[in-house]
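What follows is a single structure, written as structure tokens, with notes after it.
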Amino acid sequence: MIRIRELDHIVLRVRNLQAMLDFYCEGLGCKIERHMHKNGLIQRRAGASRLDLIHVDSEFGRAGGVEPGEEGLNLDHLCFRIDQFDARHISEHSMRLGIEVGELATRYGAEGYGPSIYVNDPDGNIVELKGPPEMPIAN
């Protein structure tokens, strides 16, 4: 049996690389871990996981077909489990950066039900920011 432990990485094909770098660095605190200039891949550290960004016009990006847009996002949403979940801080920080913030709600995730907020990155991908579980799932 294969047992998944945590999100390893997600790859997003992006139209505006600088806007996406700003969103994930300034907005969510991800750090650049590796930049593979030859094929256009930028790997960012997102806690214990990784978020890879590739421009649609790069070698890897062109391999994915049509660029993301209103009719064809490449991802429904991605979820980052965050520590020290403070909805007010998340909202204020995001709004200062011009990031639209969805409503705070209790949603189900890998560790059970807990607080979560949705935001959108510059390419329209939905990013869920998830706090600790209120009632953890019993193993």
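Laboratory data are not the source of any read-out in this text; all were calculated from the coordinates shown. Quick caveat: nothing in here was measured; it's all calculated off a predicted structure. In this analysis, Cβ positions are derived from the backbone assuming ideal geometry, glycine residues included, and neighbour counts consider all displayed protein chains.
Descriptive notes on the structure:
- Principal axis dimensions, largest first and in whole angstrom, of the chain by Cα: 45, 45, 30
- Interchain or long-range residues, amide H under 5 Å from Ala46's placed H: Leu51
- Antiparallel bridges, percent of DSSP beta bridges restricted to the chain (to nearest 5): 70 percent
- Structure-based [θ]222 nm, the chain - -39500 (n - 2.57) summed over DSSP H runs of at least 4, per residue, nearest 500: -3500 deg cm²/dmol
- Couplings for the stretch 32-40, taken from phi via the Karplus curve 6.51 cos²θ - 1.76 cosθ + 1.60 with θ = phi - 60°, read 5, 9, 7, 10, 9, 4, 4, 10, x Hz in order; Gly and Pro are left as x.
- Assigned charges on the beta-carbon of Lys, Arg, Asp, Glu; the stretch 31-139 dipole about Cα centre (debye): 520 debye
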